[in-house]
1. Could you tell me what fraction of 2.2 N^0.38 Å the Cα radius of gyration of region C:231-271 comes to, as a two-decimal ratio?
2. Just name one of B:Met38, B:Val143, B:Val122: the one whose Cα is farthest towards the positive end of the charge dipole of region B:1-151 (beta-carbon charges, Lys/Arg +1, Asp/Glu -1).
3. Do me a favour and compute the ellipsoid semi-axes for region C:493-612 from its Cα gyration tensor, root of five times each eigenvalue, largest one first, whole Å.
4. With the Cα gyration tensor of region A:168-229 giving a ≥ b ≥ c as the square roots of its eigenvalues, does the rule (a/c under 1.5 for rounded; else a/b larger than b/c for prolate; else oblate) give rounded, prolate or oblate?
5. Which three extents, in whole angstrom, do the alpha-carbon atoms of the protein assembly as shown cover along their principal axes, largest first?
6. Whole-Hz Karplus ³J(HN,Hα) for region C:411-419, in order, using 6.51 cos²θ - 1.76 cosθ + 1.60 and θ = phi - 60°, x for Gly and Pro?
7. Take each of the peptides B:65-71, C:174-180, average the number of other beta-carbon atoms within 10 Å over its residues, and list them starting from the highest.
8. Going by Cβ distance under 4.7 Å, what cysteines of chain A have no possible disulfide partner?
Amino acid sequence: MTEIKNAHFTTLKGAYDTEKMEATLRVRRYDPETKKSRFDNFTVTIPVTASVLDALDAIKDTHDGTLSYRKSCRMAVCGSCGMRVDGGAALACKTPMKKFVDAGHTITVSPMGNLPVIKDLVVDMAPFWQKIRAVKPYLDTRDADVPEKEWRVDPAAGDQIHKESLCILCGCCVSECNSMESDPDFLGPAALAKAYRFVGDARDKDTRERLRDLNGAHGIWDCTRCYFCNQRCPKHVDPRDAIAKLGAESFKEGFTRDEGAKHAKVFVDSTFKGGYLRETELVPKTIGPVNAIKDIPFALQLARAGKVPNPLSPHKAKDNDEVKRLWKLLEKEAKGQPRRATATHPDAVLGD
Amino acid sequence: MQDRYAYYPGCLASLSQKELDSSTRAIAKKLEIELVEMPSVTCCGAGDIHEAKPDYYLHISARILGQAEQMGCETILTICNVCTLNLRQANKALQEDKDVLNRVNDNLKQVGAATYQGGVDVRHLLWEVSAGEGYDRFKSIAVKSLEGLKVAPFYGCQILRPAKILGFEDSDRPESLERLIKACGAEPIDYPAKVKCCGFPIVLAREDVALGELVQPLQQATEAGADVIVTPCPLCHLSLDAWQRKAGAFSGNDYQIPILHLAQLLGAAAGIEESELKFKRHVTRLSTEVKAKLQVPSVVGTQA
Amino acid sequence: MRLRYIAFRREGMNNGGKFPHRDACHVLAGIRHRTYSAYTRGIAVHCFRRLFMIRHDVIVLGAGLAGMRAAIEAKRAGVDVAIVSKLHPTRSHSGAAEGGINAALGNATEDSPATHAFDTVKGSDYLGDQDAIEVFAEEAPNDIYELEHMGAVFTRSADGKLAQRPFGAAGAPRTIYSADITGHVLIHVLYEQLIKHEIKVYEEFFATQVVVDGGQCAGVIAWDTQRGGLHAIQANHVILATGGVGRMYYGTTNAFACTGDGMSLAWNAGVPLKDMEFLQFHPTTLKSNGVLITEGCRGEGGYLRNKDGDRFMVGDAPNAMELASRDVVSRAEWKEIADGRGVDGCVMLDLTHLGWKKLQSRLPGSRELAMDYAGVDPIEQPIPVRPGAHYMMGGVDCDVWGETIVPGLWAAGEVACVSIHGANRLGGNSLMETVVFGRRAGQAAAERVKEQGDTGARIEASVLADEDRRIAAIVGNSEGERPGVLREELAKTMYDKAGVYRTEEALAECKDKVVELRERAKTLKIDDHGSIFNTDLTSAIELNSLLECADCLVTSALARKESRGAHSRLDFTERDDDHWLKHTLNWNDNGEVRLDYKPVTITKHQPLARSY
């Protein structure tokens, strides 16, 4: 190593040189003691590389120490700083300020939605954790015979749950979940992504139990497919896709009694029966004939506007035999394969 | 905008929402674009097949895309959010992974169906007429100014999110519908729920949850003083229109707001006649006042 | 689970569609705790805040990997254990670890615990205690298998076994990993086990004092951040697992939460801190906020360049070049920048020649971090990086079971100094340390509970009342400087004067400044006088911890007149085994740091020159 004698080597030149900019933020405040909310505007000088979180820190350190928000890792892995930036949930630490400053735009920062506010930007995550716990979020190998070494898992099987294991439980997906706004008991995108992480795990043996529970009220068929969760997720988990995968697993295991599953089945059947959807079958086959009869006044309204296609001459696409053959081919293919990948006991393989 | 599209109206526009198909064909004629029929296509799956049988969904999507390709069309024109997302999502999966594409094609070949090489784009009518040359073409045919008509745009979900599959515009602050409403000479009304869900996908399976969602745009658009709501999606339309009375009963309100398909609004501004726009096929009828603002002759749809 | 789910639904309905009541949450998850009512003693409430008394057998402070692992082990042993953490468990900084976790499984090539131990001893520059390192290397494989059985999603090799990759200064591919999110995967799998084992977590409870009664550990006093209120949590055994102290430096990879709370709590409870001068710098951290860019970037072929575009590593490590050990690369970078060959206080990490495909497939996380936090797309431009404070090798002095000199007070993870890292830590050893020594501390504390029963040590009501007055005084003060302002001044002082290179002169200035800051921090301006989520209050307490740890660090560094591992003195450039092959101890002497030393345990490996 080169000999160094210079004492000036203890400090770094230009360590703190940084280009600065001035930014204005409109921040939603809530005081739990007076139970009043308001908006405050703050203008702070921050480095050009600053995130929304850095801007909040600048406010707290130099303007107003009463401002409360959660933070920790500031590198988008701990999931503490989920909040709404201009109405959309995001990690404050992963949202750069520069684009807003350049556009001359004053951002509005407010707490995440679908969760009660505790103070300023801090929400009560208890309902969120409760839903995570409700999906039995741990591996169940139901096995007295745990191997001495690791379970053997095919790398491809491991990849199946790669996206879901990226989840940092920040709650951004839940913030704008439209179904949860309407049904606060809906398990929601984060818990369901977590559920798939175990349903899709080759080592887990509790699949059927898990799927049975998820097919109930407030479960997977509550999802309205608004795709806000995929849009908001800062970690590319795509929770809606995980919910869809749970649907597919439910079908594989024969859980098709939920109205949501029945609804989906009409679509599947329509394609190989005629091509387009058989709209007139949708209502009775989804909600059952009894409920459909109860809904007759509603159906008459639709009929009056010409919205009930003739059930006796359903749509028939040209060459639809291709689709029928395709359906049969894929069903046969699926039958020939194991329903899911499973982990193997190393002793059974190598005897080590 | 192109001169020739493979036209994929999807199920609803071919069945209960025939007025959308009819309006679209009429406006396409005015815009001088050729809509090539796709007689052997199936349903896109509406997200339901994607959820129930993902592999089957991928195959029927590839078959639809492949048919367009073999017809020599570069682009499939859709008029439904759900078709747009489902076809684009499958398209992305097929284009990004050659192994998947090859496997799907092998199966399609086995059953004698069209295979797909990956060269087709899927675009919604809204995207084609709200920007670029399509917008200019529309401006030039929008001869009737719908002045005084207050229009609440309702985007629906699956034309905005997920942006990595759709990505036409800022999914939180879209502007395309507003741009077109202005081009029609009407006034766009702003309200927060315009980018939210209408509840349609679960309106049969979870009616209460869906109605809870549906109430939001109806309530907000009404409060903001909108005469009509316009939407680019026939599913949102069905939800907002046909379930409007149920949403009213659910929330203790009496909503009376007519819902227009995008093609109907464009058609009205282009002077297309009621016989093609077929407003009377709506459950929530147009009031005389709104009809006047839409400049539709008052002989049709006498029920207010 | 079916029942839980139904209970959940019913609860929701009873509330008219509103959020289910908090208590219902516990019923739902099947978690029935021995909570507040388990042991409540009447106490005169004479302050404006609520005071509580709670009792458990074992309290674990901190819910990172070490803390959760300790709690799980104690729970399995059948004692009443609870976790007290200022963060929700998955928010802990263990989750930010990227590279992997070391154990000699021998899945890739032949390997053995003995080789792992030797690599670790050598890496520690012979300051690591060899008995502890042997235990560590020996027990690591089983702990890995157990993590796998718990459900950890590790990357697999083609045969379905756990994949292992090579890491710096390791004799075999020994690092088990999960892409570049190993820490994240582990923190979540242990959190899942907390739920499975129904372990009570006092979430967002900020510990302010470890109480010692008659020479025995009596429990902790903690502030309930969410609801306000000071809790005396009685426990004969407290396991400290609060993590590191990187936030005392301006450039650091550590989270905001890494403020040395546990070190400060132990120090004030009369336990010495050990080897605090040994703080590892990571060579590639972003200037903007210190975020770590993984060593994998250099592993995949990235170059380090100075402002002239030269690959300067050729001077200090002509063979290993960019892949030399962390301390060597950090020193070379520091020298370039300090000597004026840097760019705005940084050197450039150049990945542009790797191409889009490789970057996108192998280093997507790093690319995203560079774009988010440096505004640079590494496909097109080099990333400005510099050394940043990364890991505290020192910490609370404890034995191989984690026990300190105060009976009943234990430590595990980064807060502890067992010591296995000595003067320099090898990549992948810290995650393994949290799991091995977390488990051991949990096991040992539980065994002690069973052997001893109640030791009789108690937090007296008067102690709680005193602590309440102390907290009230902090909250009530509106004079002086803001905590954030002083913290930044401390961080810059440490980065400038106690950084990668050290001298007598700079360290002396640093010491003076730290002493001055400790004085100024005695009265802090607190804007928030409320009791709900008062982060103004918690940052004031954190600042105090940082200052105490900084004082220990600089005092130890000033005294150690040699260069060893991460401690690099410009005025004493050689390792001096004759005088300095010993651990530094920092005692709390009425708030002042008093130095002391103790010998290093050497079993098999006599000190040799360390070269790679």
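Throughout, read-outs are computed from the coordinates displayed, never taken from laboratory work. None of these values were measured; they are calculated from a predicted model. Here the Cβ positions follow ideal geometry from the backbone for every residue, glycine too, while neighbour counts run over all protein chains shown.
1. 1.38
2. Value: B:Val143.
3. 35, 16, 13
4. oblate
5. Per principal axis, max minus min of the Cα coordinates gives 104, 67, 62 Å.
6. Using θ = phi - 60°, the values come out as 8, 8, x, 5, 5, 8, 9, 6, 10 Hz.
7. Highest-to-lowest ranking by the protection proxy: C:174-180, B:65-71.
8. A:Cys81, A:Cys93, A:Cys167, A:Cys170, A:Cys172, A:Cys177, A:Cys223, A:Cys233
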